[in-house]
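Please read the structure below before turning to the comments.
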Ligand SMILES: NC(=O)c1ccc[n+]([C@@H]2O[C@H](COP(=O)([O-])OP(=O)(O)OC[C@H]3O[C@@H](n4cnc5c(N)ncnc54)[C@H](OP(=O)(O)O)[C@@H]3O)[C@@H](O)[C@H]2O)c1
């Protein structure tokens, strides 16, 4: 039996769909509040028989921040894919971020050690590889360094990843993926899929920063490959292409038939926007972390995972076309 956490999220829903398509038996750890429609929708992108496949899923209720609620679900589980996490770039949510991304991960690996799980695959992030040394290319050789520059999300993901390494030292077979910005269909309006909604509505602004982008289908194939080949004790950058936010925004705007964003938002404009959002919004979108990400130019290399799994990434232009089409279908179905 395979257990997936975070199966109602962007990465977890596609991973669950991928596992079901491989004929696997999957148990989903979900909270009482989780929306399982996200899994059904993700499955619908893989097969017309999605309702039947969805019917094969088993569910266990639990919250990763409460270890007692997850231990029972691990009975007869051999492999765990840990996709649950809190994605937020609000600096004032550090406590909550640490609780879910660090303590939640510690709970998961401790429970897996206890239950004798055979392979634990963890979703970390490129956020754990801050480019303080201004390297031309960021890969697995870039390690965490303490710095006032590190944002709350990055700190929480680093602490989570550290728990996984610790469990590895204590005997758990582990593998870690560090995806860049994930683009995929479904889970509209949550996590990184917010970019798609913003572009559909149309924005006048863009930023000049460059970062890695990856198709969610590549992320889940890489995770599956690592577990099936039992490649352990390593972490892998999972990123398809390095693109500017302008290039990504332009491609989505074009796919939606919108006018391209024409105003470059510089540091001061973003800082002013951040201040106004802090004043008027409960969950501001412009924060220190998003300003840094929007302006910095970071280039990632996925050579290591490509070699380990002989994996070829989907071109990001193709991803954008596909995701935009699925988003248009989603909007049409809502009308
Ligand atoms: N999206 C990206 O660009 C990206 C890039 C790199 C790494 N990552 C990492 O990948 C992981 C998944 O991200 P995502 O984009 O799929 O996020 P998402 O769409 O926001 O999904 C998050 C998932 O985590 C679950 N979750 C949150 N708190 C939980 C808790 N206390 N107990 C149990 N489950 C909980 C959510 O369940 P509910 O449905 O109950 O809320 C949901 O299923 C995160 O660790 C994130 O840091 C994401």
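The values are calculated or read from the model by the stated rules, or taken from the named source; none is laboratory data. None of these values were measured; they are calculated from a predicted model. When we count neighbours, we look across all protein chains shown, and the Cβ atoms used for this are built from the backbone with ideal geometry, even at glycine.
The table for this structure:
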item: Residue in the range 234-244 that is surrounded by fewer than 22 Cβ atoms within 10 Å (Cβ to Cβ), at negative phi and away from the ligand (no atom under 16 Å from the Cβ) present; result: yes
item: Where residue 259 falls short, out of the listed (1) buried (at least 23 other Cβ atoms within 10 Å of the Cβ); (2) away from the ligand (no atom under 12 Å from the Cβ); (3) in a loop (DSSP other than H, G, I, E, B); result: (1)
item: Single residue of 60, 7 found to be in contact (Cβ under 8 Å) with a residue 24 or more places away in the chain and within 15 Å of residue 187 (Cα to Cα); result: 7
item: Residues (touching a helix residue (DSSP H, G or I) at 6+ places or on another chain (Cβ under 7 Å) and part of a helix (DSSP H, G or I)) located in the range 196-220; result: 196, 199, 200, 216, 217, 219, 220
item: Count - residues of the range 183-195 that are part of a loop (DSSP other than H, G, I, E, B) and either closer than 13 Å to residue 285 by Cα or without any contact (Cβ under 8 Å) to a residue 24 or more places away in the chain (or both); result: 2
item: Single unsatisfied condition, residue 175 versus (1) farther than 24 Å from residue 230 by Cβ; (2) more than 14 Å from the ligand (Cβ to nearest atom); (3) touching a helix residue (DSSP H, G or I) at 6+ places or on another chain (Cβ under 6 Å); result: (1)
item: Candidates 231, 248 - the one that is touching a residue at least 24 places away in the same chain (Cβ under 8 Å) and within 16 Å of the ligand (Cβ to nearest atom); result: 248
item: Index of the failed condition, residue 237 passing every other in (1) more than 22 Å from residue 322 (Cβ to Cβ); (2) at pLDDT below 95; (3) not in a loop (DSSP other than H, G, I, E, B); result: (2)
item: Single match in 163, 149, 170 (criterion: away from the ligand (no atom under 11 Å from the Cβ) and without any contact (Cβ under 8 Å) to a residue 60 or more places away in the chain); result: 170
item: Filter result (away from the ligand (no atom under 14 Å from the Cβ), crowded, with 18+ Cβ neighbours inside 10 Å and in a loop (DSSP other than H, G, I, E, B)) within the range 113-129; result: 117
